[in-house]
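Here is the structure we will look at.
The values are calculated or read from the model by the stated rules, or taken from the named source; none is laboratory data. All of these numbers come straight from a predicted model, not from anything done at the bench. Cβ: placed from backbone, ideal geometry, glycine included. Neighbour counts: every protein chain shown. Accessible surface areas use protein heavy atoms only, side chains included; no ligands, DNA or RNA. Shrake-Rupley method; radii C 1.70, N 1.55, O 1.52, S 1.80 Å.
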Amino acid sequence: MKKRLVFRIIGNKQVGMGHVYRALSLAHEITDHEIIFVSDPDNRVATNKLAGCDYLLKIYEPATIVEKIINLKPDLVINDILSTIEADVLPLRQNGIKVVNFEDLGDGA
């Protein structure tokens, strides 16, 4: 049975595109699971890059993004958004979703 993996990413002029490229590198290696990328409208550089890829891309407003991710019913969420806050991670874990964070120096780590 395929697992559903959600990559929550950022990419803009301030933080660059490293998060997007890392997530894409990982996604390309994961061929036996369903991959969904999630971002918000503030990260147009990232979403424009992902729009040309063969992955499902969802764009949600920042205020609802965690709730929308929960509604996707993922088995795993990979956050590559620099610094998470507790509100980025705790609701996911409370819903039985496993979470991995990259480069996370925030309270959500």
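Structure notes:
- Scan of region 43-63 for residues that are open to solvent by less than 60 Å² (accessible area, probe 1.4 Å) and either without any contact (Cβ under 8 Å) to a residue 24 or more places away in the chain or of a type in the set (S, T, N, Q) (or both), ordered by number: Asn43, Thr47, Leu57, Tyr60
- Restricting attention to region 71-98, the residues that are in contact with a Leu (Cβ under 9 Å, 6 or more places away or on another chain) and closer than 19 Å to Lys2 by Cβ total 7.
- The condition of being open to solvent by less than 70 Å² (accessible area, probe 1.4 Å) and without any contact (Cβ under 8 Å) to a residue 40 or more places away in the chain holds for only one of Asp32, Asp40, that being Asp40.
- If only residues of region 19-29 that are without any contact (Cβ under 8 Å) to a residue 40 or more places away in the chain and surrounded by fewer than 20 Cβ atoms within 10 Å (Cβ to Cβ) are counted, the one that is nearest to Lys58 (Cα to Cα) is Leu24.
- In region 1-18, residue farthest from Ser83 (Cα to Cα) [restricted to those that are surrounded by 13 or more Cβ atoms within 10 Å (Cβ to Cβ) and over 10 Å from the mean Cα position of the chain (by Cα)]: Lys3
- Some residue of region 41-50 being of a type in the set (A, V, I, L, M) and either under 18 Å from Lys73 (Cα atoms) or in contact with a Leu (Cβ under 6 Å, 6 or more places away or on another chain) (or both): yes
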